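Peer 1: I'd like to ask some things about the structure below.
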Amino acid sequence: MDLGLAGRTALITGADSGIGWHAAQLLLAEGAMVVISDHDQTILDRAAAALDVDDNRLHAVAADVTDRASVGRLREQVRRIGRIDILINSAGITGATGAFESIDDDGWAETLSVDLMGPVRVTRAFLDDLRSSANGRLIFLTSENAVQPYPEEIPYDAAKAALLATAKALSKAYGSEGLLVNCVSPAFIATPMTDAMMDQRAAELGVTTDEAIAGFLQEMRPGIALRRRGRPEEVAAVIAFLCSDRASFVNGSNYRVDAGSVATIN
Ligand code: NAD
């Protein structure tokens, strides 16, 4: 299926690994020009090399989404490349975890600064481009946690729920101009984010990482009917669809890529 992405330019944050990197790989394969961004230029350059693109459709520009000046510099550098049609906000962290009473203001602030204010800052910086594009697409990576909060990840739950509300409001604000705004909500995808969670669980329980994953699926994610972690390319496929002409009547939606983890039907 031709997604009609040739000639479009996409900016993807959090793209040196995981879902962001795989989204970049797929959009490049579909013919788009892609700017990948993440906070460390050296790691980002390595990620760009791994994408192995031999024409000038790939650019790697570092920025810290928690830093307004850094996002401003990203804006300036991307402007030299061209106007973007697509923004995929994938940068995120698990943030502060543990019992509610154990998480202080700093833990809350760090989590909200990356997971909520990061996408807000980057979206604000590029909103003019997206609004003026004939094919504007704005994608937020939220999470199953936005609608099915977990008590040991409350700042992340709250950030992702707020992001979902923000995305819905933006879809109403700009849909009439042709800018389509949607969310993708994964659950338990095999990326560095959940690798770190599983390594920590394995160390705490004195088991192997595979045993930690199996136990986590059984005890903590019983709704994942496929009984495995998702693959980042399985999330990238849905992102690419939402960026495409094929999704021309999809706006204000939240696409779950969670194998059934969220228990509700709406
Ligand atoms: P990942 O850790 O591979 O990717 C996240 C990226 O964000 C990393 O490359 C990291 O360097 C970058 N990042 C973190 N802080 C940043 C900052 N201040 N500035 C710029 N970049 C920063 O994890 P992933 O699983 O690919 O996560 C992608 C998105 O998907 C995140 O928003 C995450 O919350 C969401 N998500 C992931 C899962 C999952 O199971 N992996 C589930 C639900 C939601």
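The values are calculated or read from the model by the stated rules, or taken from the named source; none is laboratory data. Computed from a predicted structure; not experimentally measured. Cβ sites come from the backbone with ideal geometry, for glycine too, and all protein chains shown count toward neighbours. In case anyone asks, the SASA skips ligands and DNA or RNA and just uses the protein heavy atoms, side chains included. Shrake-Rupley method; radii C 1.70, N 1.55, O 1.52, S 1.80 Å.
Peer 1: Would you mind getting me the FRET efficiency between ALA190 and VAL250? Use the beta-carbon distance for r and R0 = 41 Å, nearest 0.05.
Peer 2: 0.95
Peer 1: OK, next. How much net charge surrounds PRO151 when only other residues with a Cβ under 13 Å from its Cβ are counted (Lys, Arg +1; Asp, Glu -1)?
Peer 2: After counting each charged neighbour, the total is -4.
Peer 1: With charges set only on the Cβ (+1 for Lys and Arg, -1 for Asp and Glu), what does the dipole of the stretch 190-229 come to about its Cα centre, in debye to the nearest 20?
Peer 2: 240
Peer 1: As a check on your grasp of the helix formula, calculate [θ] at 222 nm for the chain: sum -39500 (n - 2.57) over DSSP H runs of n ≥ 4, divide by the residue count, round to the nearest 500.
Peer 2: -14500 deg cm²/dmol
Peer 1: Roll a 1.4 Å probe over the protein chains and send me the accessible area per residue for the stretch 190-229 in Å².
Peer 2: That works out to 60 Å² per residue.
Peer 1: Amide H to amide H, which residues 5 or more places from GLY230 or on other chains are under 5 Å from it, using H placed in the peptide plane?
Peer 2: Excluding prolines and chain starts, which carry no amide H, the hits are ILE189, ALA190.
Peer 1: Set the Förster radius R0 to 35 Å, insert the Cβ-Cβ distance between ALA134 and ALA263 as r into 1/(1 + (r/R0)^6), and round the FRET efficiency to 0.05.
Peer 2: 0.35
Peer 1: Can I ask one more? Compare the Cα positions of SER176, THR264, ILE84 along the charge dipole of the chain (+1 at Cβ of Lys, Arg; -1 at Cβ of Asp, Glu; about the Cα centre) and return the one farthest towards the positive end.
Peer 2: Final value for the positive-end residue is SER176.
Peer 1: Given points 7 Å out from each Cα along the Cα-Cβ axis, report the LEU205 to ASP106 separation in nanometres with one decimal.
Peer 2: 3.1
Peer 1: Report, in debye and to the nearest 20, how large the dipole of the stretch 1-65 comes out about its Cα centre when Lys and Arg carry +1 and Asp and Glu carry -1 on their Cβ.
Peer 2: 140
Peer 1: Now for a separate question. Could you check the spin-label model distance between MET1 and ARG79? Points 7 Å from the Cα along Cα→Cβ, value in nm.
Peer 2: 3.7
Peer 1: Here's a follow-up. Given a 1.4 angstrom probe, I'd like the percentage of the accessible area of the chain that is carbon and sulfur, rounded to a whole number.
Peer 2: With neighbouring chains kept in place, the figure for the chain is 53 percent.
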